[in-house]
1. Enumerate by residue number the GluC sites (Glu not before Pro) in segment 1-46 meeting two conditions: DSSP loop (anything except H, G, I, E, B), and at most 10 other Cβ atoms within 10 Å of the site's Cβ.
2. Given contacts defined as C-alpha pairs under 8 Å and at least six residues apart, what's the relative contact order of the chain, whole-number percent?
3. First obtain the Kirkwood hydrodynamic radius of segment 64-124 from its Cα pairs, then insert it into the Stokes-Einstein equation at 10 °C and 1.306 mPa s, and state the resulting D in µm² per second as a whole number.
4. Could you list the residues of segment 96-136 with an amide nitrogen less than 18 Å from a label point located 7 Å from the Cα of residue 5 in the Cα-to-C-beta direction?
5. Set the Förster distance to 30 Å, then compute FRET efficiency between residue 130 and residue 29 from the Cβ-Cβ distance, nearest 0.05.
6. Over the chain, what percent of the accessible surface lies on carbon and sulfur atoms, probe 1.4 Å?
7. Could you tell me which label, among (1) 17.2, 57; (2) 20.6, 69; (3) 23.5, 100, carries the value of Rg and Dmax of the Cα atoms in Å calculated for this structure?
8. Residue separation times 0.36 nm, minus the C-alpha to C-alpha distance between residue 37 and residue 166: what's the value?
Amino acid sequence: MNLIERVKNILTAPQKEWGVINGEEANPAGITTTYILPLTLIGAVAAFIGFGLIGLNYGFFRVSGTEWGIKMAISYAIRAIGGVYILAFVIDALAPNFGAEKNFGKSFQVAAYSSTAGMVGAILLIIPSLAILALVASIYGLYLLYIGLPVLKPAPEDKKMNYFVVTLVVAIVVTWVLSFIANKIFNPAAFGTGSINLG
C-alpha cells in the first residue's frame with residue numbers, strides 16, 4: 001500500500017477505495033506503522049511549529065514557546081493514535097449487537113482509514129488561528145466512516161444505520177474524554193476544561 005495513493009483515494013473516491021481495503025489483510029500493527037504513525041507525525045510537527053514557534057495571540061499577548069509546542073505535539077499525537085484505537089474497539093465491541101462480525105482487524109481498518117481526513121487536516125495546525133479548520137476537515141471523516149462501516153463490517157439492512165449512529169455517539173464521547181485528559185495533562189492553562197479535540 002502506497003501511503004500517498006491511499007490518502008488520495010480514500011479522500012477523493014472513498015466508495016471505490018473501501019472495496020479495495022476490504023480485500024486487503026487486516027493488520028492493525030502494519031497499518032499503525034505504515035499509515036497512522038506517518039500521518040500523525042505530520043500533524044505533530046505542524047502542532048509543534050504552530051504552537052511552539054508561531055504561537056497564538058491572546059489580546060495584547062502572544063503565546064508561544066518550545067515547551068508549549070512540544071506539549072501540543074505530544075497531546076495531538078496521543079489523541080490521534082488513541083482516537084483510532086478507541087474507535088476500533090468501539091466498532092468491534094458494538095458489532096454483535098447489530099448483527100455484524102466481531103473482527104478487530106476489520107474494525108481497525110475502518111477506524112484508521114476513516115480518520116484520514118482529520119489527520120491530513122491537522123497540517124493546518126501549523127497556523128494556530130486555522131486550528132478550527134483542522135476540526136472541520138475531520139468532520140469529513142464521519143462521511144468516510146458512514147461509507148466504510150457497511151463495507152468492512154456488514155450488518156443487516158435494518159441495523160446498518162443504528163450501528164453507525166451508536167458507533168458515532170460512543171466514539172465522540174470517549175474521544176472527548178481522551179481529549180479532555182490529554183489537555184488537562186499537557187496544557188490545562190491554555191485550554192481549560194472546554195477544549196475541543198483537533199485530532
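The values are calculated or read from the model by the stated rules, or taken from the named source; none is laboratory data. What you see is a predicted model; the values in this text were computed from it and never measured. Cβ coordinates were reconstructed from backbone atoms using ideal geometry, including for glycine residues, and neighbour counts include every protein chain displayed. Ligands, DNA and RNA are excluded from the accessible area calculation, which covers all protein heavy atoms including side chains. Shrake-Rupley method; radii C 1.70, N 1.55, O 1.52, S 1.80 Å.
1. Listed in order of number, the matching sites are 25.
2. On the way: 293 pairs, mean separation 50.8, N = 199.
Taking the mean separation of contacting Cα pairs over the length of the chain, I get 26 percent.
3. Values: Rh = 13.0 Å.
Answer from the Stokes-Einstein relation: 123 µm²/s.
4. 113
5. Numbers: r = 33 Å, r/R0 = 1.11.
Efficiency, from the Cβ-Cβ distance: 0.35.
6. That share works out to 70 percent.
7. This structure yields the entry labelled (1).
8. Numbers: separation 129, 0.36 × 129 = 46.44 nm, distance 2.73 nm.
So the extension gain works out to 43.7 nm.
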